C-alpha cells in the first residue's frame, strides 16, 4: 500500500510538471511572435499607510526592439518612457525588469521560482524571488493571461511590506 501511495504521488507530480511545461511552451511561443502591444490599463496601488488605493489609468504601448511608453491619463497626464538605455542604474534595472515581462525573458530568470497554473479561461504565472535585492522588496509577482488570446490581462506585485499593485490591461 505504501508503494502504491508513492507511485500515485509521483504520477501526480509528473502530470503537474507536464502541464507546467505545456503552459510555459505556449507562453514562450507567444512572446517570440509578439511584435506590438497597445492597450489601456487601470492600476490600483494599495499602500499600507494610505486608507484608499491610489488609482491611475492610461495607455500602454510597446514595439519590439523599441521602447515602452506608459502614458498615464488619470489622475493626471504623465508619460513614462521605459528603455534599457537609461543611464540611471535603478531606472535601468526597473526598465529591464518590465521589458523582461513583456518579452517573456522573465520565465528564464533563475533568481525567480516560477509556478504555472491554469483555469478554464486563464493561465497564471507566479514569480517568487529566491534571493537578492528583489527578494527584499518583492514577495510575489503574478501574471494572468487570457487563454484564448494569450494576452496579459493582469499583473499583481505583492511587496514584502504588504503593499499591493494591481494592473489590469484592456484591448483598445
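The values are calculated or read from the model by the stated rules, or taken from the named source; none is laboratory data. Everything numeric in this text was worked out from a predicted model, so none of it was measured. Here the Cβ is made from the backbone with ideal geometry for all residues, glycine too, and neighbour counts use every protein chain on show.
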Next on the checklist: Let me spell it out: the conditions are (1) within 25 Å of residue 50 (Cβ to Cβ); (2) modelled with pLDDT of 90 or more, and residue 130 meets all of them except one. Which number is the exception?
Outcome noted: (1)
Next on the checklist: Just the residues that are assigned to a loop (DSSP other than H, G, I, E, B), in contact (Cβ under 8 Å) with a residue 40 or more places away in the chain and under 22 Å from residue 105 (Cα atoms), please, taken from the range 23-53.
Outcome noted: 34
Item to check | Residue satisfying all of: in the range 54-103; under 13 Å from residue 38 (Cβ atoms) and outside any strand (DSSP E or B); modelled with the lowest pLDDT among these | outcome: 66
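With the requirement that a residue be surrounded by 13 or more Cβ atoms within 10 Å (Cβ to Cβ) and either at pLDDT below 75 or more than 16 Å from the chain's Cα centre (by Cα) (or both), what does the range 17-37 give you? Outline the logic, then answer.
Keep residues of the range 17-37 that are surrounded by 13 or more Cβ atoms within 10 Å (Cβ to Cβ), which gives 19-20, 22-24, 26-28, 30-31, 34, 37.
Hits for the range 17-37 are 19, 20, 22.
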Checklist entry - Which residue, of 37, 94, is under 20 Å from residue 169 (Cα atoms) and touching a helix residue (DSSP H, G or I) at 6+ places or on another chain (Cβ under 8 Å)? => result 37
Checklist entry - Which condition number in (1) in contact with a strand residue (DSSP E or B) (Cβ under 8 Å, 6 or more places away or on another chain); (2) closer than 23 Å to residue 168 by Cα; (3) surrounded by fewer than 13 Cβ atoms within 10 Å (Cβ to Cβ) is the one that residue 119 fails? => result (1)
Checklist entry - So which residues in the range 152-170 are free of Cβ contacts under 8 Å to residues at least 40 places away in the same chain and in a loop (DSSP other than H, G, I, E, B), if there are any at all? => result 160
Item to check | Some residue of the range 126-138 being in contact with a strand residue (DSSP E or B) (Cβ under 7 Å, 6 or more places away or on another chain), closer than 14 Å to residue 31 by Cβ and touching a residue at least 12 places away in the same chain (Cβ under 8 Å) | outcome: no
Next on the checklist: Would you confirm, using the coordinates I've provided, whether residue 139 is in a strand (DSSP E or B), surrounded by 11 or more Cβ atoms within 10 Å (Cβ to Cβ) and over 11 Å from the mean Cα position of the chain (by Cα)?
Outcome noted: yes
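State yes or no: is residue 149 surrounded by fewer than 14 Cβ atoms within 10 Å (Cβ to Cβ), without any contact (Cβ under 8 Å) to a residue 24 or more places away in the chain, in contact with a strand residue (DSSP E or B) (Cβ under 9 Å, 6 or more places away or on another chain) and farther than 21 Å from residue 49 by Cβ? Walk me through it before giving the result.
Working: surrounded by fewer than 14 Cβ atoms within 10 Å (Cβ to Cβ): yes; without any contact (Cβ under 8 Å) to a residue 24 or more places away in the chain: yes; in contact with a strand residue (DSSP E or B) (Cβ under 9 Å, 6 or more places away or on another chain): yes; farther than 21 Å from residue 49 by Cβ: yes.
Answer is yes for this residue.
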Item to check | Residue list for the range 69-81, restricted to those being under 19 Å from the mean Cα position of the chain (by Cα) and more than 19 Å from residue 166 (Cα to Cα) | outcome: 81
Next on the checklist: Looking only at the range 38-55, filter to residues that are surrounded by 13 or more Cβ atoms within 10 Å (Cβ to Cβ) and over 18 Å from the mean Cα position of the chain (by Cα); which one of those is nearest to residue 114 (Cα to Cα)?
Outcome noted: 47
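Looking only at residues that are touching a helix residue (DSSP H, G or I) at 6+ places or on another chain (Cβ under 7 Å) and closer than 21 Å to residue 137 by Cβ in the range 69-91, which one is surrounded by the most Cβ atoms within 10 Å (Cβ to Cβ)?
Here the residue is 82.
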